[in-house]
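Encoded as structure tokens, the structure appears first; notes follow it.
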Amino acid sequence: MTDALLETRSLRKSFGALQASDDVSITLRSGEIHAIIGPNGAGKSTLIGQISGAITPDSGQVFLNGAEVTQTAPPARARAGLARTFQISQLAMEDTVLQNALLGALGASGKPWRFFRPVLNDRALRDRAEAALERVGLQGHMAMRTAELSHGQRRQLEVAVALTLEPRVFVMDEPMAGLGTEGSAKLTELLDGLRHQAPILLVEHDMDAVFALADRISVLVYGRVIASGTVAEIRANAQVRDAYLGEEA
Ligand code: ADP
Ligand code: MG
């Protein structure tokens, strides 16, 4: 065993003739941000799907806190401490910011959905939701309709929803997508602090954010990890420059 909080071993997943994951083994250790980068179609979201349980691998294994979860359903993985944010937002736009956070807290509590109404008056869950909103800087926006938030604030809210799980591991799929300079800078600062609460597996195209945040980077191309290392090692890697980074390195 390793000291990894999250580990994949030799994941393989094909869609027809296409090998979307080809022997993918990665780890995520306490306190770190491990970035996964690579071109569109490289298999980044497919990897995240297998880690969260939305996609079943053809072969290989996923471990959370040392326990195998390869066949475990997504809600049980979430209850075991795996918090995921999505490439496409899952927020309820017509609900308020606080309601979205409460829905997250309700999910984390394991109580069934029909308890949503009583939850609005459940002090412990409300405290948990409010603490998460405060942590991401949305304490002044709790009564606002989610649709009225800026794009960047919605990303902050998604992190707050994930935080209500009190996660042991974060998995994030392109959280910076569509954000302007200011939004990216704010989210980068938030993620920077979050790693000490729970490590983050970060799929991201925004190289400024990746280079600022990553303790380690793994590069996926055609479903394979072609390189793994520190920011300096990856920037200096000729194969990575050819396959993906080009000018950005
Ligand atoms: P990335 O997130 O790196 O852009 P994806 O993991 O979304 O890449 O996709 C990897 C490859 O698998 C792509 O070629 C994509 O078209 C294909 N793919 C992903 N999901 C499916 C699916 N459900 N059915 C068929 N092909 C898929
Ligand atoms: Mg993707």
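Things to note:
- Some residue of segment 199-213 being free of Cβ contacts under 8 Å to residues at least 40 places away in the same chain, within 28 Å of Gln19 (Cβ to Cβ) and either out of contact with any His (no Cβ under 9 Å at 6 or more places or on another chain) or hydrophobic (A, V, I, L, M, F, W, C) (or both): yes
- Matching strands (runs of 3 or more DSSP E) fully within segment 5-114 where at least 3 residues are among the β-branched types (Val, Ile, Thr), more than 16 Å from ligand 2 (Cβ to nearest atom) and not assigned by TED's automatic domain parsing to the domain that holds Arg235: none
- Count of segment 53-73 residues which are within 16 Å of ligand 1 (Cβ to nearest atom), open to solvent by 10 Å² or more (accessible area, probe 1.4 Å) and in contact with a helix residue (DSSP H, G or I) (Cβ under 7 Å, 6 or more places away or on another chain): 4
- Residue in segment 195-207 that is open to solvent by 20 Å² or more (accessible area, probe 1.4 Å) and part of a helix (DSSP H, G or I) present: no
- Of the numbered criteria (1) small (Gly, Ala, Ser); (2) open to solvent by 20 Å² or more (accessible area, probe 1.4 Å); (3) touching a residue at least 40 places away in the same chain (Cβ under 8 Å), the one Ala162 fails is (2).
A quick yes/no check of all residues on (1) within 15 Å of Arg84 (Cβ to Cβ); (2) touching a strand residue (DSSP E or B) at 6+ places or on another chain (Cβ under 9 Å):
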site	(1), (2)
Glu7	no, yes
Leu18	no, no
Asp22	no, yes
Ile26	no, yes
Ser30	no, yes
Gly43	no, yes
Ile48	yes, yes
Ile51	yes, yes
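- If the condition is being more than 16 Å from ligand 1 (Cβ to nearest atom) and touching a Ser or Thr at 6+ places or on another chain (Cβ under 7 Å), then segment 153-182 contributes Arg154, Leu157, Glu158, Val159, Ala162.
- Apart from one condition, Leu133 fits all of (1) surrounded by 15 or more Cβ atoms within 10 Å (Cβ to Cβ); (2) part of a loop (DSSP other than H, G, I, E, B); (3) modelled with pLDDT of 90 or more; the exception is (2).
- Within segment 213-232, if we keep just the residues that are in a helix (DSSP H, G or I) and touching a strand residue (DSSP E or B) at 6+ places or on another chain (Cβ under 8 Å), the residue that is least open to solvent (accessible area, probe 1.4 Å) turns out to be Leu213.
So that you can scan it fast, the table gives a plain yes or no per residue for (1) at pLDDT 95 or above; (2) more than 16 Å from ligand 1 (Cβ to nearest atom):
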residue: Phe211; (1), (2): yes, yes
residue: Ala214; (1), (2): yes, yes
residue: Ile217; (1), (2): yes, no
residue: Val225; (1), (2): yes, no
residue: Asn237; (1), (2): no, yes
residue: Asp242; (1), (2): no, yes
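- Single residue of segment 151-168 satisfying the filter (among the β-branched types (Val, Ile, Thr) and in a helix (DSSP H, G or I)) that is nearest to Pro199 (Cα to Cα): Val159
- Of the criteria (1) touching a His at 6+ places or on another chain (Cβ under 9 Å); (2) open to solvent by 30 Å² or more (accessible area, probe 1.4 Å), which one Met176 fails: (2)
To keep it simple, each residue is scored yes or no on (1) over 23 Å from the mean Cα position of the chain (by Cα); (2) farther than 22 Å from Arg84 by Cβ; (3) modelled with pLDDT under 80.
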residue: Leu98; (1), (2), (3): no, no, no
residue: Leu102; (1), (2), (3): no, no, no
residue: Ala105; (1), (2), (3): no, no, yes
residue: Gly110; (1), (2), (3): no, no, yes
residue: Pro118; (1), (2), (3): yes, yes, yes
residue: Asn121; (1), (2), (3): yes, yes, yes
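The values are calculated or read from the model by the stated rules, or taken from the named source; none is laboratory data. Note that the coordinates shown come from a computational prediction; the quantities given were computed from them, not determined experimentally. Neighbour counts are summed over all protein chains in view; Cβ atoms, including those assigned to glycine, are modelled from backbone coordinates with ideal geometry. We work out accessible area using only protein heavy atoms, side chains counted, and drop any ligands, DNA or RNA first. Shrake-Rupley method; radii C 1.70, N 1.55, O 1.52, S 1.80 Å.
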